[in-house]
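A short worksheet on the structure shown next.
The values are calculated or read from the model by the stated rules, or taken from the named source; none is laboratory data. Being a predicted model, the structure only gives us computed values, none of them experimental. Quick reminder, even Gly has a Cβ in these numbers, built from the backbone with ideal geometry, and neighbours come from all protein chains shown. All accessible areas refer to the heavy atoms of the entire protein, side chains included, with ligands and DNA or RNA removed. Shrake-Rupley method; radii C 1.70, N 1.55, O 1.52, S 1.80 Å.
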Amino acid sequence: MKNITYAIPKNNKEVFVDPAIHRIPDTIQANRHKINGYTVEINGVPLPVLRDKAREELLRIAVRYTEGMQSLIQKNRTESCLYVRNGSREDASRHRTQALLSLKGLDLDSVSIKDIPIIQTGHEPVFYYPGVWIKNHLAQSLANKMCGIGVNMIVDNDACKMGFMHMPVLSERPASIRKVTLVNGMDDVAYEEVVFDNVKTIHRFREEVLSVFQENLLDETIKITMGLMQSTFENFMNCMVQCYQKGCTDMVGLLSAARCSLEADFGMGNLEVPVSWMCNTEGFYHFLLHLVSDAERFAHIYNEKLAEYRALHKIRSKANPLPDLQIDGHAVELPFWIWKAGGKRSRCYLRKEEKSIKLTDGSNVFAALEKNKDSRANMSELRDLKNAHVKIRPRAITTTIFSRLLFSDIFIHGIGGAKYDTITDEIIRDFFGIDPPSFATISTTLFLPLDIFDVDGGMQQILRHELADMSYNPERYASAERLHDEGFISRVKEKRRLLEMMAVCNREEKQLYFNRVGELNKLNLAHIGSELQQKKKEMDEVNVKLAYNNMVQFREYPVYIYPMKILQDYFLHVF
């Protein structure tokens, strides 16, 4: 297994990218050549054939979803809203009856769709920070360069654990980073299930963030910066409210539309498609049935690769980076989630019986697939699940396997995703018996436009050492006046004699002398109280300044609180 040692960019405006940007087009072409040579079948269909169908199907629904996004954020409120929240209402297969796909002013037929480069990235539908957002900019840049299509996959099937944004708090001593929560207590619920019953939640969130801005108005210079930051945030929130008023009440749609509105100001035009919509396509059903048909072998390979990753990175926890899939007699855990609409995500299990294979969450049976039935009949069974409001969604690794093999020509990861996809690569090699297509990795760091103090961790270390040294060698830090004190000088001389004697005495005497040296240091330390307090004050000041610097240089503030000029000056020229 490849050991990726990527490091997060530490400095302002630093970019990490692999491979180098100028090499990515060649990587895309190499991926296309490699994929076209695959001879493996997915659920009985040659992978290249299934891939062509899946690409067309997914592009059509991505266009449909993106049109809905655009109708939410358009300025003309009189035009009808095309946004549809629930992908299960969309029969993706019906879009294949259309001969052409209209995209960016072009009418694309099946041959064109097969040949056009698709550059894909993806992330949870939350508050993007610069290190994440740069993936979308790279997708757009590559699409422009290669006359291709950028696609952002909205990972709305993830658990809603990131329903908050970070805010800087300058007024506290030391300065801090505060989480302001949009939704809470949803850790077991997928993002796609989060719906706001009324607009009050959005208004409450807006007011909480604005109150933090007000706390930060410390002086005129900071007041100007905070005003620019607040302006970006208010534009973002106004867009969310506008989308809510147009009928979009789900968290995924609101956050994604507000992001797309900001991206439009940067000339970006990537397509958007949620994982939940992807899961109602023929291509996904074939992929799911393929893994179901060989679930035990997949689980063994999956677990082996996780064990290899843990060994490589010296990880002891069986839960990291991901938990193993359970294999227990006739029951095998699948790399998918399953639940009923409105409920919580549950692990998905396959239970083998004499004539059927049942999909269950461990207690409830959601589907029964016939072992020897024609594949089309089982496909029909999966299609019927959406009518019963049953949801089957891929986990992280299966999402990227599907995307890389059946949809995109290159997938753009962040650093965390890239490290996990070393596992994915090995699963693809062992389970499918093919060499996986390459992926790209990018991240960046962009600090808030606030001044920092001229201190660093080295100063903190020096002061920490000096504070410790004052306890062992108080005479080094005594004032000139104290060095003329007879009692103080007498104790210093006694200490020096004892230290000399300790070098030649036996163990018992050494312990006695050592204890006496400690007593002498303690007595003399009491006589340099002012010096000690001054040093502690210096340490406190450095700690406060370092905390302020850390607050300013935190990487995960959402792009929606950066002044627009800062975002434009950086992201419009980053490539």
(message) Rounding to the nearest 10 and keeping the result within 0 to 90°, find how far the Cα-based axis of helix 251-264 lies from the longest principal axis of the chain.
(response) 80 degrees
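Quick one: which of 20-26, 479-485, 522-528 comes out on top by average Cβ neighbours within 10 Å, and what's the full order, highest first?
522-528, 20-26, 479-485
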(message) What distance in nm lies between label points placed 7 Å from Cα along the C-beta direction at residue 434 and residue 516?
(response) 8.2 nm
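Dipole magnitude of the chain about its Cα centre, charges +1 at Lys/Arg Cβ and -1 at Asp/Glu Cβ only, in debye to the nearest 20?
On the way: 74 positive and 74 negative charges, 116 e Å.
With Lys and Arg at +1 and Asp and Glu at -1, about 560 debye.
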(request) Return the whole-Å distance between the Cα centroid of region 150-181 and the Cα centroid of region 1-64. (result) 28 Å
(message) Between residue 34 and residue 384, what is the label-point separation in nm under the 7 Å Cα-to-beta-carbon projection?
(response) 4.0 nm
(request) Can you work out the PRE-style zone for residue 526? Point 7 Å along Cα to Cβ, and I want the residues of region 470-492 with backbone N under 13 Å. (result) 488
(request) Order the following by accessible area, largest value first: 66, 39. Probe radius 1.4 Å; ligands, DNA and RNA are ignored. (result) 39, 66
(message) If I model a spin label at residue 565 and residue 354 as a point 7 Å from the Cα along the Cα→Cβ vector, what separation in nanometres do I get?
(response) 7.8 nm
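Please state the charge dipole magnitude for region 170-224, taken about the Cα centre, from unit charges on C-beta atoms (+1 on K and R, -1 on D and E), reported in debye and rounded to the nearest 20.
My answer is approximately 240 debye.
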(message) Taking the full set of protein chains and a 1.4 angstrom probe, give the accessible area of residue 127 in square angstrom, rounded to the nearest 10.
(response) 10 Å²
(message) Between 0 and 90 degrees, rounded to the nearest ten: what's the tilt of helix 415-427 against the longest Cα principal axis of the chain?
(response) 50 degrees
(message) Probe radius 1.4 Å, ligands and nucleic acids ignored: give me the carbon and sulfur share of the accessible area of the chain as a rounded percent.
(response) 49 percent
(request) Whenever you get a sec, line up 156, 52 from highest to lowest accessible area (probe 1.4 Å, protein heavy atoms). (result) 52, 156
(request) Express the accessible area of the chain per residue in Å², computed with a 1.4 Å probe while the remaining protein chains stay in the model. (result) 46 Å²
(request) Any of 318/371; 314/340; 2/340; 179/344 with alpha carbons more than 29 Å apart? Name them for me. (result) 318/371; 314/340; 2/340
(request) Please name which of 575, 515, 498 has its Cα lying farthest along the dipole of region 491-575 towards the positive end, using unit charges on Cβ (Lys, Arg +1; Asp, Glu -1) and the Cα centre as origin. (result) 498
(request) Could you tell me what percent of the DSSP beta bridges with both partners in the chain are antiparallel, to the nearest 5? (result) 70 percent
(request) Round to a whole angstrom and tell me the spacing of the C-alpha centers of region 358-403 and region 240-260. (result) 30 Å
(message) Using only the alpha-carbon atoms, how far is helix 130-146 inclined from the longest principal axis of the chain? Give it as 0 to 90 degrees, nearest 10.
(response) 40 degrees
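Efficiency by 1/(1 + (r/R0)^6): what FRET value for residue 297 and residue 112, r their Cβ-Cβ distance, R0 = 51 Å, to the nearest 0.05?
Efficiency for this residue pair is about 0.85.
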